Structures are given as structure tokens and as C-alpha cells.
Amino acid sequence: MRLVVDLNRCQGYAQCAFLAPDVFTMHGDEALMYDPLADDTQRENVRRAADACPVKAITLDYEDQGAADGKAGASRVG
């Protein structure tokens, strides 16, 4: 699983840091740090974080899951 955060869109609400603290971390009030190649064990937490983002700044890529299902990769903005 890969993820991208549009840092121009991110407003620092930090919902992602609360829901997936092993992947997203706030530094100060507005600086977000994240692991773009989050471990698959974090998949559900990252999905919830993307869904909770008020400005939908997090994009998830489930390419590996699509390959396993015999489908093309799927992306979503969460």
C-alpha cells in the first residue's frame, strides 16, 4: 500500500495522526510527517485516517491488493 498526502490541501486537522499514529505524525501545529509506504498491518488505520480527513488530502493506492485479486490497481482519495 502506498499513500500520498497533498500537503497543499492538508490543513493540519490531525485526524490522521489520531487514527494512525504509527504512520502520521504532527510536528508543531501544521507540519505533517508520514510514511508513504506504510506497512500493510496499518492498512485499516490508514483507510480510516483517509476517510476522516476533512479536506480529503490523503490518496491511497491499493495496487498490491488489485494484483492479488487479478484486477488493475485501484486508487482512491480519502
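Couple of notes before you dig in:
- Label separation (residue 33 vs residue 2): 2.3 nm, computed from points 7 Å beyond Cα along the C-beta direction.
- Rounded to the nearest Hz, the phi-derived 3J(HN,Hα) couplings of segment 19-30 under the Karplus curve 6.51 cos²θ - 1.76 cosθ + 1.60 (θ = phi - 60°) are 8, 9, x, 7, 10, 10, 9, 8, 10, x, 7, 10, where x marks glycine and proline.
Any read-out appearing in this document is the output of simple, stated calculations on the displayed coordinates, not a laboratory observation. Values in this document were obtained by computation on a predicted structure and should not be read as measured data. As a convention, Cβ positions derive from the backbone with ideal geometry for all residues, glycine included, and neighbour counts pool all protein chains shown.
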